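**Student:** Attaching a single structure in structure tokens format; questions to follow.
The values are calculated or read from the model by the stated rules, or taken from the named source; none is laboratory data. Predicted model only: the values in this text are computed from it and were never measured. Cβ placement follows ideal geometry from the backbone for every residue including glycine, while neighbour counts extend to all protein chains displayed.
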Amino acid sequence: MKDLFRKREFNLFIFILFIIFGVSWRTPSFLYINNFVDILNDTAILSMVAIGQLMIIVTGGIDLSVGSSLALSGMSVALLNQYHPGIPIFMIILISIAIGLLLGSINGLLVSRAKIPPIITTLGTMSIYRGLVFVLCGGTWVSAHEMTEAFRVFPRRSFLGISSLIYLSILIVILFLIFLNLTRTGREIYGVGGNKIASQYVGINLKKIQYIVFTLCGGITGLAGFLWVARYAAAQSETAIGFELQTIAACVIGGVSITGGSGTIIGVVLGAFFMGIVYNALTMINVSPFWQMAIQGFIIIFAIIINTVMDKRNQQLMLRKRSFNE
Amino acid sequence: MNNCIIEMKGIKKYFYGVKALDGVDFKVRTGEVHALIGENGAGKSTLVKILTGVYQPTAGTIILNDKPVQFPSPQVSQKAGISAIHQEATMFPDLSVMENIFMGHHIRNKSNGLLSWREMKDKTQILLDKLELDIRPDTKVKNLSVAQRHMVEIAKALSLNAKVVIMDEPTSALTLREVEYLYKIIRKLKSEGKAIIFISHKFEEVFEIADYFTVLRDGKYIGEGTIADITVDKIVQMVIGRSLAQMYPKLEAEQGNIILKVENLSKIGVFKNISFDLHKGEILGFFGLVGAGRSEVMQTIFGIDTKTSGEVFIDGEKVYIANPSDAMNFGLAYLPEDRQIQGAILAMNIRENITLPIIDRTSRHIFLDRNREFEITDEYGKYIEIKASGWEQLVEDLSGGNQQKVVLAKWIATKPRILIMDEPTKGIDIATKATVHNFISELAKKGIAIILISSELPEILGMSNNVIVMHEGVITAKFTREGANSKKIIRAAIGSISK
């Protein structure tokens, strides 16, 4: 129990409760269950892709191309759906994931084999993938009436009042919770991020780990691509521009160390949820749209400062405890 | 004692209750080379850090030119005229000699407040000339040799108008000729009235260059005197304070068959024709100066680096080791020198660290098994006496000695048949050191073959059955325990075996 209070995730959770309390005091409708379901729907895609980003950041890398990969896989399946409406929806989903895996594995190969630093690699592929979206669609949109009914409503289909979008994101969370915490490869991912050289000394294959995290992130992003264009019923060349920064922000707010080695899925999901709540709350309390973006930025920085301050305090407690023990 | 420039009286320094310094007195006079002598962990570095304002003393006074002073920060100490030349020079490799010298005290143009590079360049040239250093002020520091970097550090001290220059093991990475040159500069500085604090645990050097000495042991002041009135034997006695046998509890271990045989191992530009045999239960010491290539040989055997030519045999069979996984499968383990960089994963807890190399033994298929991990951690953690609040404690929250124990436990848990230890006691306190030494002896007794790389001569002499000495990438001598003595080993290490 004492440990719980020391966790960054817990700090963030308390911070979220504060915001909810503060906003609902001004706007009681914020507390309606429907509003929370909306927030969950809005942050489901962000949570999923942020988990992919988390794995890469934990190894000490970063993926700037997720926005573009998302757009490219989304555009591909939207066009496929437009020209071959007969393809069943589960095939569409598999194809979207496959495209994402391919794009991610290209990143992975460039980083692990060609040894190009992740930030450079993905800065390059960010442009390449985005450029391919333009090439594919020729600058036009795939809009709602060009998509099949099954394609469009898939993310909204609900069971027990909860949408398939949320179910899928929960599935991703559980799968990767198991992967990162209970499997050998998961442990090795944290090892590589914590200390590359020491990991090499104990026989961990760095190249393999780098390839795996980029490819898996790509796979999640591919799935997110389909969900995104289906949910907004539009695939366009500007889809998800700047989204990579949101995924990185969700990670950082969730306590992921930007230098690698530490970070949890729960933290990242809370981080994404936090961003959704802030966005939603600002709209609810009628903050001018012109101000919203700047205020969002302020709140993000504020959250991170609180997190770091709490961390420092805990470290000092730890040191004092240590000196006492010795 | 009227020309005392600096006097430290009754200095105490405790770290979380551990006494690093316990009432040390230390006086330095102008125009003298004062040797500060003691083993690693005796408190030399701590004393220097107090003098340079890095640490604050728990108790005691510092008197500078007959006035009590305090050095709350390195800047204050520097201003008072105290400069330290560091062991691993703290320099900016991508900046020029001039920029390095004036880092932190740039000269500004008085009229416009901009940096005055011309003036700094001129002053740098004057300093370089004085030190008889044939380099240009705008050469980048990364292109200099170790000796030249030392000289640049000295130039920096002079540019700060230092009256006391502290040299911490200045010769450890120098060739003989460079050492001679350093001595010449030291004598020159001395003749100008500078006081030089010379830290070394090489007695030959102390007798060559120093006028006066102070000995520390286990954080305590042991004695001082003029070099002219003392013998090597007496100083050694002061430094060690007990017999070698007590410090190094070598158990008699029966030596078995040859387990590892290395033949003509070479890596171009790094080491050449390395051949040796290692027996079961043997502790084979590897001695040499920094840069002799000892670690590189071991890293190549362990599959971290690739060899150019040569062969490795284990149990008489030729083996190919392409990466550390292969090496571990053959029963090798490598305890690296730098535990922070190569050893422990600080952001992970003790259990995760210890089980990382044996993750395929502790997990079921692809899934981890925490209970098994805990059992193994408990077994080895208790065996090696890691002090922690629990096995889930993060390694970064442990003390240095305990971090080293985690790394040791991690490699012992792989149940190696051949254990390579690279400076296993570097930078740890004397108590932990004794534990580690005991431990090495015990492992050898169990039949594990051990390669011990160490730069501490007493450790090599006290622990090894056989000693191999390397110099600039080649083996210059091999000794048995009986045939080895410090003089012969040092000669081989500095490459003057033929003399």
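**Student:** Restricting the stretch B:308-364 to residues that are touching a residue at least 12 places away in the same chain (Cβ under 8 Å), in a loop (DSSP other than H, G, I, E, B) and more than 29 Å from B:Asn264 (Cα to Cα), which is farthest from the other protein chains (Cβ to nearest Cβ)?
**Tutor:** Here the answer is B:Ile358.
**Student:** Look through A:Ser68, A:Ser24, A:Ser29 and report the one residue that is crowded, with 24+ Cβ neighbours inside 10 Å, of a type in the set (Gly, Ala, Ser), touching a helix residue (DSSP H, G or I) at 6+ places or on another chain (Cβ under 9 Å) and over 19 Å from A:Ser164 (Cα atoms).
**Tutor:** Numbers: A:Ser24 fails: crowded, with 24+ Cβ neighbours inside 10 Å; A:Ser29 fails: crowded, with 24+ Cβ neighbours inside 10 Å.
Just a single option satisfies the conditions, and that option is A:Ser68.
Per-residue answers, yes or no, for (1) modelled with pLDDT of 85 or more; (2) charged (D, E, K, R); (3) outside the structural domain of B:Val290 (by TED's automatic domain parsing); (4) surrounded by 13 or more Cβ atoms within 10 Å (Cβ to Cβ):
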site	(1), (2), (3), (4)
B:Val69	yes, no, yes, yes
B:Pro93	no, no, yes, no
B:Ser96	yes, no, yes, yes
B:Asn100	yes, no, yes, yes
B:Gly113	no, no, yes, no
B:Glu169	no, yes, yes, yes
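**Student:** Another question about this same structure. Output the number of residues of the stretch B:45-57 satisfying the condition of being under 28 Å from B:Glu204 (Cβ atoms), touching a residue at least 40 places away in the same chain (Cβ under 8 Å) and either surrounded by fewer than 23 Cβ atoms within 10 Å (Cβ to Cβ) or not assigned by TED's automatic domain parsing to the domain that holds B:Gln237 (or both).
**Tutor:** Final tally of qualifying residues: 4.
**Student:** Given the options A:Ser127, A:Ser65, name the one that is within 16 Å of the chain's Cα centre (by Cα) and more than 20 Å from A:Leu180 (Cβ to Cβ). Write out each step before concluding.
**Tutor:** Numbers: A:Ser127 fails: within 16 Å of the chain's Cα centre (by Cα).
On inspection, the qualifying residue turns out to be A:Ser65.
**Student:** Here is a follow-up. Can you report the number of residues in the stretch B:371-386 which are loosely packed, with under 15 Cβ neighbours inside 10 Å and either in contact with a strand residue (DSSP E or B) (Cβ under 9 Å, 6 or more places away or on another chain) or within 13 Å of chain A (Cβ to nearest Cβ) (or both)?
**Tutor:** Residues in the stretch B:371-386 being loosely packed, with under 15 Cβ neighbours inside 10 Å and either in contact with a strand residue (DSSP E or B) (Cβ under 9 Å, 6 or more places away or on another chain) or within 13 Å of chain A (Cβ to nearest Cβ) (or both): 1 in total.
**Student:** When you go through A:Ala98, A:Ala78 one by one, which is the residue that is at negative phi and at pLDDT 95 or above? Break it down stepwise before answering.
**Tutor:** Numbers: A:Ala78 fails: at pLDDT 95 or above.
Being at negative phi and at pLDDT 95 or above holds for just one of A:Ala98, A:Ala78, which is A:Ala98.
**Student:** A further question on this structure: Go through the stretch B:310-360 residue by residue and tally those that are farther than 22 Å from B:Lys405 by Cα and among the basic types (Lys, Arg).
**Tutor:** Matching residues across the stretch B:310-360 total 1.
**Student:** Taking B:Gly38 and the conditions (1) farther than 18 Å from B:Ile166 by Cα; (2) in contact (Cβ under 8 Å) with a residue 60 or more places away in the chain, which numbered condition does it fall short on, given that it satisfies the others?
**Tutor:** Every listed condition holds for B:Gly38 apart from (1).
**Student:** Please indicate, with yes or no, whether at least one residue in the stretch B:120-138 is part of a loop (DSSP other than H, G, I, E, B), under 21 Å from the mean Cα position of the chain (by Cα) and surrounded by 13 or more Cβ atoms within 10 Å (Cβ to Cβ). Quick ask: steps written out before the conclusion?
**Tutor:** Applying the first criterion (part of a loop (DSSP other than H, G, I, E, B)) to the stretch B:120-138 yields B:131-138.
From what's left, under 21 Å from the mean Cα position of the chain (by Cα): none.
Within the stretch B:120-138, not a single residue is part of a loop (DSSP other than H, G, I, E, B), under 21 Å from the mean Cα position of the chain (by Cα) and surrounded by 13 or more Cβ atoms within 10 Å (Cβ to Cβ).
Listed here are the residues, each with its yes/no results for (1) within 23 Å of the chain's Cα centre (by Cα); (2) crowded, with 21+ Cβ neighbours inside 10 Å; (3) not basic (Lys, Arg).
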{"residue": "B:Gly390", "(1), (2), (3)": "no, no, yes"}
{"residue": "B:Lys405", "(1), (2), (3)": "yes, yes, no"}
{"residue": "B:Lys415", "(1), (2), (3)": "no, no, no"}
{"residue": "B:Leu419", "(1), (2), (3)": "yes, yes, yes"}
{"residue": "B:Asp422", "(1), (2), (3)": "yes, yes, yes"}
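**Student:** Follow-up. Consider B:Thr435 against the criteria (1) modelled with pLDDT under 80; (2) on the phi > 0 side of the Ramachandran plot; (3) not acidic (Asp, Glu): it satisfies all of them except one. Which criterion is unmet?
**Tutor:** Of (1) modelled with pLDDT under 80; (2) on the phi > 0 side of the Ramachandran plot; (3) not acidic (Asp, Glu), only one is false for B:Thr435: (2).
**Student:** Check whether at least one residue in the stretch A:142-164 is among the β-branched types (Val, Ile, Thr), part of a helix (DSSP H, G or I), modelled with pLDDT under 95 and over 25 Å from A:Val268 (Cβ atoms), and report yes or no.
**Tutor:** Of the stretch A:142-164, the ones among the β-branched types (Val, Ile, Thr) are A:142, A:148, A:153, A:162.
Adding the requirement that they be part of a helix (DSSP H, G or I) leaves A:153.
With the extra rule that they be modelled with pLDDT under 95, the set shrinks to A:153.
Subsequent filtering for residues that are over 25 Å from A:Val268 (Cβ atoms) retains A:153.
Yes; the residues of the stretch A:142-164 include at least one that is among the β-branched types (Val, Ile, Thr), part of a helix (DSSP H, G or I), modelled with pLDDT under 95 and over 25 Å from A:Val268 (Cβ atoms).
**Student:** Next up: Name the single residue, out of those in the stretch B:174-233 being more than 25 Å from B:Leu51 (Cα to Cα), more than 21 Å from the chain's Cα centre (by Cα) and among the hydroxyl-bearing types (Ser, Thr, Tyr), that is modelled with the lowest pLDDT.
**Tutor:** Per the stated criteria, the residue is B:Thr231.
**Student:** While we're looking at this one, here's another question. Hey, can you tell me all the residues within the stretch B:323-348 that are touching a helix residue (DSSP H, G or I) at 6+ places or on another chain (Cβ under 7 Å) and not hydrophobic (A, V, I, L, M, F, W, C)? Talk me through it step by step, then tell me what you get.
**Tutor:** At the first step, the residues of the stretch B:323-348 found to be touching a helix residue (DSSP H, G or I) at 6+ places or on another chain (Cβ under 7 Å) are B:324, B:333-337, B:339, B:341-348.
Result: B:Pro324, B:Tyr334, B:Pro336, B:Glu337, B:Arg339, B:Gln342, B:Gly343.
Every residue, every condition in (1) at pLDDT below 85; (2) touching a Ser or Thr at 6+ places or on another chain (Cβ under 6 Å); (3) assigned to a strand (DSSP E or B); (4) within 14 Å of another protein chain (Cβ to nearest Cβ), yes or no:
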{"site": "B:Ile6", "(1), (2), (3), (4)": "no, no, yes, no"}
{"site": "B:Asp22", "(1), (2), (3), (4)": "no, no, yes, no"}
{"site": "B:Ala42", "(1), (2), (3), (4)": "yes, no, no, no"}
{"site": "B:Leu47", "(1), (2), (3), (4)": "no, no, no, no"}
{"site": "B:Ile50", "(1), (2), (3), (4)": "no, no, no, no"}
{"site": "B:Val54", "(1), (2), (3), (4)": "no, no, no, no"}
{"site": "B:Ile62", "(1), (2), (3), (4)": "no, no, yes, no"}
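**Student:** Related question: Can you tell me which residue within the stretch B:147-160, out of those that are touching a residue at least 40 places away in the same chain (Cβ under 8 Å) and surrounded by fewer than 20 Cβ atoms within 10 Å (Cβ to Cβ), is nearest to B:Asp122 (Cα to Cα)? Lay out the reasoning, then the answer.
**Tutor:** To start, the set of residues in the stretch B:147-160 that are touching a residue at least 40 places away in the same chain (Cβ under 8 Å) comprises B:149-150, B:152-157, B:159-160.
Filter again for surrounded by fewer than 20 Cβ atoms within 10 Å (Cβ to Cβ), leaving B:159-160.
Numbers: B:Ser159: 12, B:Leu160: 15 Å.
Ranking the qualifying residues of the stretch B:147-160, first place goes to B:Ser159.
**Student:** Same structure, new question: Looking at the stretch B:175-194, which of its residues are buried (at least 20 other Cβ atoms within 10 Å of the Cβ) and outside any helix (DSSP H, G or I)?
**Tutor:** B:Lys194
**Student:** Separate question: For residues in the stretch B:389-411 being over 13 Å from B:Ile345 (Cα atoms) and touching a helix residue (DSSP H, G or I) at 6+ places or on another chain (Cβ under 6 Å), which is nearest to the other protein chains (Cβ to nearest Cβ)?
**Tutor:** Looking at residues that are over 13 Å from B:Ile345 (Cα atoms) and touching a helix residue (DSSP H, G or I) at 6+ places or on another chain (Cβ under 6 Å), I get B:Gly401.
**Student:** Would you call B:Phe286 modelled with pLDDT of 90 or more, under 21 Å from B:Leu332 (Cβ atoms) and touching a helix residue (DSSP H, G or I) at 6+ places or on another chain (Cβ under 6 Å)?
**Tutor:** Values: modelled with pLDDT of 90 or more: yes; under 21 Å from B:Leu332 (Cβ atoms): yes; touching a helix residue (DSSP H, G or I) at 6+ places or on another chain (Cβ under 6 Å): yes.
Against the criterion (modelled with pLDDT of 90 or more, under 21 Å from B:Leu332 (Cβ atoms) and touching a helix residue (DSSP H, G or I) at 6+ places or on another chain (Cβ under 6 Å)), B:Phe286 qualifies.
**Student:** Here's a follow-up. Are there helices (runs of 4 or more DSSP H) fully within the stretch A:173-274 with at least 1 residues that are more than 26 Å from A:Ala71 (Cα to Cα) and either hydrophobic (A, V, I, L, M, F, W, C) or within 12 Å of chain B (Cβ to nearest Cβ) (or both)? List them.
**Tutor:** Numbers: elements: A:184-194, A:196-201, A:206-231, A:243-253.
Fully inside the stretch A:173-274 and qualifying: A:184-194, A:196-201, A:206-231.
**Student:** Would you check which residues across the stretch B:437-488 are surrounded by fewer than 20 Cβ atoms within 10 Å (Cβ to Cβ) and either touching a Cys at 6+ places or on another chain (Cβ under 7 Å) or of a type in the set (Val, Ile, Thr) (or both) and list them?
**Tutor:** Within the stretch B:437-488, B:Val474, B:Thr480 meet the criteria.
**Student:** Counting just the residues of the stretch B:289-300 that are in contact with a strand residue (DSSP E or B) (Cβ under 6 Å, 6 or more places away or on another chain) and among the aliphatic types (A, V, I, L, M), which one comes out farthest from the other protein chains (Cβ to nearest Cβ)?
**Tutor:** Going through the qualifying residues, I end up with B:Ala292.
**Student:** Do any strands (runs of 3 or more DSSP E) lying entirely in the stretch B:377-487 carry at least 1 residues that are of a type in the set (Phe, Trp, Tyr), and which ones are they? Walk me through it before giving the result.
**Tutor:** On the way: elements: B:418-422, B:449-453, B:466-471, B:474-480.
Filter on the stretch B:377-487 gives B:474-480.
**Student:** Related question: Does A:Phe226 fit the bill of being aromatic (Phe, Trp, Tyr), modelled with pLDDT of 85 or more and more than 22 Å from A:Phe90 (Cβ to Cβ)? It would help to see each step written out before you state the result.
**Tutor:** Values: aromatic (Phe, Trp, Tyr): yes; modelled with pLDDT of 85 or more: yes; more than 22 Å from A:Phe90 (Cβ to Cβ): no.
So A:Phe226 fails the test.
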